[in-house]
Amino acid sequence: MKVIKNYLYNACYQVFVLLVPLITTPYLARVLGPKGVGINSFTNSVIQYFILFGSIGVNLYGNRQIAFVRDNKDLLTKTFYEIFFMRLTAILLSCLSFEIFLLFVNKYQIFYLAQSVSIIAAAFDISWFFMGVENFAVTVLRNFIVKIITLTSIFLFVKSYNDLSMYILILSLSLLLGNLTLFPSLKRYIGKPSLSSLNIWRHLWPSLVLFIPQIATQVYLVLNKTMLGLMNSVQASGYFDQSDKMIKIVLAIVTATGTVMLPHVANAFAKGQHEKTKSYLYTSFSFVTAVSVPMAFGLAAVAPKFVPLFFTSKFNNVIPIMIIESAIILLVAWSNAIGTQYLLPTKQTNSYTFSVVIGAIVNLVANIPLILVLGAVGAAISTVLSELSVTIYQLWVIRKQVSYRMLFNDTFKYLLSGIIMFVIVTFFDRWLSQEWIFLIFEVVIGIVVYVAFLFAFRVKILKKAKYLLR
């Protein structure tokens, strides 16, 4: 039950982090327009590189390391402060690099400065600690108030394209404030550090090992927007970003299991319970497949109606991007289950690293011709290809460690149910007019059809769900 509770907390947290842009997106699409949205997307993609290099893999490494030592308070205290100070040093170097970068930039400087507050915010991000000790409630509760203030501030102070810098600053400051509010909860777990005994650099190399896959991951998460802004236009970057926001909202629900299961599996693996770790993988893989299939097919089916209603007709170019990119929901769900929930906690870091490096290379190579020819649609195709390559490689790596039959048990039933749902929802989408009531109707019909066929096919995950709910 603890895993289920933590999954729900983490799912709420991940969705809530993205909830403010989801709520404000229709409003901002109208007041900022494609250009304003595009400038924010492009400049933020650049800032993400500085945040990435300042974080040096701590989010994954810190989560796992804290999980290993959480039962020893003294060691937990020492480990936390060592990792925290190491990251703080790296962020300071990243800030210095950003100042040098600004000297060579003569466009969008005011927007870059507003975005740069996010770099400082990254120094105080200790969510990895609470994930390691499996306390996800604190991040949800603390950030709730901050996000409400953010939401209110956006509607109060952002009224037109001229308020773009204010909008960016509000988001950056909310990130900083949200991270700072986590610190009071630390005293429950750790004591005062002995500064003379701290050795922050002992964590550098293992953190850098996990930093490599994060660089690769960032390449095919952020590079698309950067390359679109440089090779096509900031508007194209904005179109891709709008689709990406919706995909990330869905993925936050699906991949929440990864953050929850990583410390859980790591703890079981550390105790030598190897068969138990495989059992966790089979269950988790089946669960994320059951959840991601209807989300992927459903989003693709309703995109033609959802985009003009949500973003306005000015963003109709988002429709084909969203339809194509929805495929990655299932692919990321699979790679998250294998990579984050199995390879990392079982210390197969090299295999995980190589998988995302392959994805980054595929994305980079495919991006150049596809963006030049197809623009934002090409970036979406490139993203799907990169995620597909990651998933295929990870499946190949674990071929001798797990049973494919148990891993893909009921997958065909999920896919068939999703395809049937997609056909039915698409039929209604083409015949019903562009109104919110009909969009909601399509979503409800999709859920009912999918669940009905899961029962008809008697998938095993339903029996497990009944057991857990008792």
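Bear in mind that the values in this text are calculations on the coordinates, not laboratory data. Since the structure is predicted, the reported quantities are computational estimates derived from the model, not experimental observations. Backbone-built Cβ (ideal geometry, glycine too); neighbour counts: all protein chains shown.
Over the chain, all Cα pairs binned in 20 Å intervals from 0 give whole-percent P(r) values of 23, 59, 17, 0, listed from short to long.
Would you please classify the overall shape of the stretch 113-215 from the alpha carbon gyration tensor, given that a ≥ b ≥ c denote the square roots of the eigenvalues, rounded means a/c under 1.5, and beyond that prolate means a/b larger than b/c while oblate covers the rest? In terms of gyration-tensor shape, prolate. Listed from fewest to most Cβ neighbours within 10 Å, the set Phe412, Phe124, Phe80 follows the order Phe412, Phe124, Phe80. When you filter the trypsin sites (Lys or Arg not before Pro) in the stretch 64-129 for DSSP loop state and at most 12 other Cβ atoms inside 10 Å of their Cβ, you are left with Lys107.
Note on the chain: helix-only mean residue ellipticity at 222 nm, from DSSP H runs of 4+ residues weighted -39500 (n - 2.57) and normalised by residue number, equals -27500 deg cm²/dmol. The phi-based Karplus calculation (6.51 cos²θ - 1.76 cosθ + 1.60; θ = phi - 60°) puts the 3J(HN,Hα) values of the stretch 32-44 at 9, x, x, 5, x, 4, x, 5, 4, 4, 5, 5, 5 Hz, whole numbers, x for Gly and Pro. Close amide H pairs (under 5 Å, H built 1.01 Å from N) link Val133 with no residue at least 5 positions away or on another chain.
Structure note, pairs Lys78/Lys107; Lys78/Lys248; Lys147/Lys276; Lys314/Lys413; Lys305/Lys413: Cα-Cα distances above 32 angstrom occur for Lys78/Lys107; Lys78/Lys248; Lys147/Lys276; Lys314/Lys413.
Subtracting the Cα-Cα distance of Tyr161 and Thr89 from 0.36 nm times their residue separation leaves 22.3 nm of extension gain. For Lys187, the aspartates and glutamates whose Cα comes closer than 20 Å to its Cα, not counting residues fewer than 8 places off in the same chain, are Asp71, Asp74, Glu82, Asp125, Glu134.
What is the sum of charges, Lys and Arg at +1 and Asp and Glu at -1, for the other residues whose Cβ falls under 15 Å from the Cβ of Lys314? After counting each charged neighbour, the total is +1.
Farthest towards the positive end of the charge dipole of the stretch 2-409, among the residues Val384, Tyr342, Thr283, is the Cα of Thr283, using unit charges on the Cβ of Lys, Arg, Asp and Glu. Where a Cα-Cα gap under 17 Å defines reach, which aspartates and glutamates qualify for Lys35, not counting those fewer than 8 residues away within the same chain? Cross-link targets: Asp163, Asp241, Asp244.
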